[in-house]
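Down below is the structure, laid out as structure tokens.
The values are calculated or read from the model by the stated rules, or taken from the named source; none is laboratory data. Quick caveat: nothing in here was measured; it's all calculated off a predicted structure. Glycine also receives a Cβ, built like all others from the backbone with ideal geometry; neighbour counts cover every protein chain displayed. Ligands, DNA and RNA are excluded from the accessible area calculation, which covers all protein heavy atoms including side chains. Shrake-Rupley method; radii C 1.70, N 1.55, O 1.52, S 1.80 Å.
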Amino acid sequence: MNKKSLKILEFNKITDRLETYASSDEGRELCQNLVPMTDLSEINDALEQTNDALSRIYARGSLSFSGTRNIGPSIKRLEVGSTLSITELLAISSTLDVVSRVKSYSRADDDNTEGTDSLSPLFDMLEPLFPLNSEIKRCIISEEEISDEASSTLKNIRRQIKNTNDRIHTELTSIISSQSMRTYLQEGVITTRNGRYCVPVKAEYKSQVQGMVHDQSSTGSTFFIEPMSIVRLNNELKELYLKEKEEIEVILAALSELASQNASQLMTDLKTLTRLDFIFAKGSYAKALNCSRPVMNTDGYINIKKGRHPLIDAKKIVPIDVSLGGEFDTLIITGPNTGGKTVTLKTVGLLTIMGQAGLNIPAFENSQLSVFEEIFADIGDEQSIEQSLSTFSSHMTNIVNILNHADNRSLVLFDELCAGTDPTEGAALAIAIIDELHKKKIRTMATTHYSEIKLFALSEPGVANACCEFDVETLSPTYRLLIGIPGKSNAFAISGKLGLKKEIIDAAACRIGSDDKAFEDLISDLEASRVTIEKEREEIQAYKREIEDLKNRLKEKNDRIEERRDKIIKDANEKAAAILREAKEYADEAIRTFNRHGITAKEMEEQRNKIREKKEKSEARLALKNTQKSSKKHAASDFTIGTRVKVLSLNLEGTVSTLPNAKGDLFVQMGILRSQVNIKDLDIIEESSSDISSNPKTGAGKIKITKTMSISPEINLIGLTVDEAMSELDKYLDDAYLSKIPQVRIVHGKGTGALRNAVHSKLKRTSYVKNFRLGVFGEGESGVTIVEFK
């Protein structure tokens, strides 16, 4: 594809931005060298890789290839048997670290996704070479230091170096500390010259210190002398340093040999990392621009949905819908200046190039692009002073070149075709050029202000008009592309808004031919009709959305009702099953009791009657719960401890034992039953006047209220002697009867039966006891006695 069009459409700026998302130098180089492809299968492969990288980025985040080094030259040196330097070996280690990180990233992706994608083969090609990387890390600490553990020989040499250094420092310290040498020394320090230890001696005492002179100060006042006593030690130290260097060379040679055994895999790792870095850069760029994968074809068909120019701020750009190659292969775009015509041309051209380069495009899903062998663009002012070419001549030179090379596998983009010359001749020439391209079935888009070209598009099959919408009221373009409607330049309207006198505008209007005026009026009518139709379409869409919303809400409501109905039925079935289980358990227990105690048929019938009465009471309570309501609403302040009340839902009388809480709930004692109820379910039982007046002198009413506030429906006599128990029971029965508790429970235990017999004897002699009985199953059986008062 010609480089001129790539430059005009600013594809180089796309590659510059793409480069910033690559981590390695080699990956950035691939981004810079990216060019459009023309083979459909290669394009689809590249798009699939880009899309798969984007999917992995969304799933796991970005993948960094930072640390990848260009180890290619080092690998070539290994192939010829050379020994690598410390820096080169560290570069290999750094690259293998990246391989390990990338491999780990791919394994995590494979665990979270089903199957493989187009990038899986590339990830599979990577091999971290852990033994090689570990050995390099073990031996090399940094670019300046080899580890002591690299070899036992190196460790021994360095230990000898340390010992020799210590001996030299000890000897020199004794020299500079001696009283006789202090006079000769310039200062009491140890220094080095040419890798050998020396002491600074004053020039006048040079002959007094035996040794080798290695240097002299710039002023000549100080000589740096190596004392004779440490010459041998310095020589030994020098030899040790040479041995250390030789051992390091041996270690590097061994590491290089190990690396050379993996040279082929190292080269594969480098190339694969570079390729993956490039692919993930494309994926990251697609994520940044919110791009989608285009559907490519070779039919010359373009259908871009909500396409955005990738170099314009996404917050400012207005997405466009544009198609070409379907019902028409030539599109004429008209409208005022600054209306977005040129941006539309560049958007179509640039998105096509991006698609063919394997990049996702900033447009909606399933946008379609065609593969073109060449894209020709004549956009912008190419006036050349050096070549003595005017604007028109420069454009015409480019147009001639396009006409000579374009074919039905080309896309041609013209901006202001044949402008810059006589309008009549320019319009005729432009129509002829468009017609020539149209006859060759070449996909063409052109912008113009010529009305003649608009008429040509209206009358010629396969050629369509389009316009960039412009709001005359605000003098601002909306940048929306409207296909099928020719645009107006709106020169008169814009001039009037900008302050040009009406007389001048009217005079200009009179100079327009009737045909031109009729055509402009037709365009105005079409525009008005389009706006009306568009408003109506928007209203219809709004109604459709509202209907759909109501439909969904109704469906959700029906689903909730069905769900609730099913839950009610399920709960009812569960409750019924629970009742049946309880009845069965009660019946089973009754039968076991009958069998255990040898109860007669008559007694069994009595038990059945009791069960029937219990059932009837339960049914009555259920009926009362649904029908009975308080005849009077009571406030919380109406209830005090000891107040006689009737619980409506249970149809039982009782005594208030606690004050109401904030919700109106309180506890009521109903014989042996104590239950929490709400004041709404209570009626206060008014005391009759006869109850109060029957004992006017004894204060029985006062005693009754006092007793009701403190009496319990149960007394526990377990642990007391018979005499103690009778005393407690006598007082309790009197208090309970005065409190008008209908029934009490006496706990005496089973034991020997002595306490039980004494209680029963006492009850038989008590006049206000109506009857008494032993407890049944669930009440304490023979360990308790239930007493009912008259």
For region 242-340 the mean separation of alpha carbon contacts under 8 Å (6+ apart) over residue count, i.e. relative contact order in percent, is 17
Nearest-0.05 FRET efficiency for Lys103 and Asp559 at R0 = 60 Å, using Cβ-Cβ distance, is 0.80
Among Met1, Asn70, Thr50, the residue whose Cα sits farthest towards the positive end of the charge dipole of region 1-148, when +1 is placed on the Cβ of each Lys and Arg and -1 on the Cβ of each Asp and Glu, is Met1
Residues whose modelled amide H sits under 5 Å from the amide H of Cys198, counting only those 5 or more places away in sequence or on another chain, are Thr191, Thr192, Arg193
Once both label points are put 7 Å beyond Cα along the C-beta direction, the Arg545-Ser675 separation in nm becomes 5.6
With all protein chains present, region 223-288 has a carbon and sulfur share of its accessible area (1.4 Å probe) in percent of 54
Any residue on another chain or 5+ positions along whose placed amide H is under 5 Å from the amide H of Gly211 is listed here as Met228
Expected unfolding gain across Arg773-Glu582 under the 0.36 nm per residue rule, minus the alpha-carbon gap, is 66.3 nm
Computed on Cα atoms only, the convex hull of region 1-105 has an orientation-averaged projected area in nm² of 9.2
Once Ile312 and Val213 are pulled to full extension, the length gained, defined as 0.36 nm per residue separation minus their Cα-Cα distance, is 28.2 nm
Rg/Rh of region 38-180 (Cα atoms, Kirkwood Rh), to two decimals, equals 1.27
The simple spin-label model distance between Val189 and Asp506, using points 7 Å out along Cα→Cβ, in nm, is 10.0
Region 653-674 scanned against label point 7 Å out from Ile641 along Cα→C-beta; backbone N under 15 Å for 655-661, 666-669
Ranking His309, Asn290, Pro319 by how far each Cα lies towards the positive end of the charge dipole of region 264-400 (+1 on Lys and Arg Cβ, -1 on Asp and Glu Cβ), the top one is Asn290
Quick numbers on region 214-309, Rg and Dmax over C-alpha atoms in Å, give 32.6, 94
On the formula 1/(1 + (r/R0)^6), with r taken between the Cβ atoms of Thr173 and Lys137 and R0 of 41 Å, the FRET efficiency rounded to 0.05 is 0.60
accessible surface per residue for region 153-293, probe 1.4 Å, DNA/RNA/ligands not counted, whole Å² -> 51
XL table Lys501/Lys535; Lys584/Lys764; Lys137/Lys282; Lys316/Lys440; Lys3/Lys440; Cα-Cα > 27 Å flagged, in table order, is Lys501/Lys535; Lys584/Lys764; Lys137/Lys282; Lys316/Lys440
Simple SL model, points at 7 angstrom along Cα→Cβ for Gln160 and Val80; separation in nm is 3.5
On the accessible surface of region 25-172, probed at 1.4 Å with all protein chains in place, carbon and sulfur together account for a percent value of 46
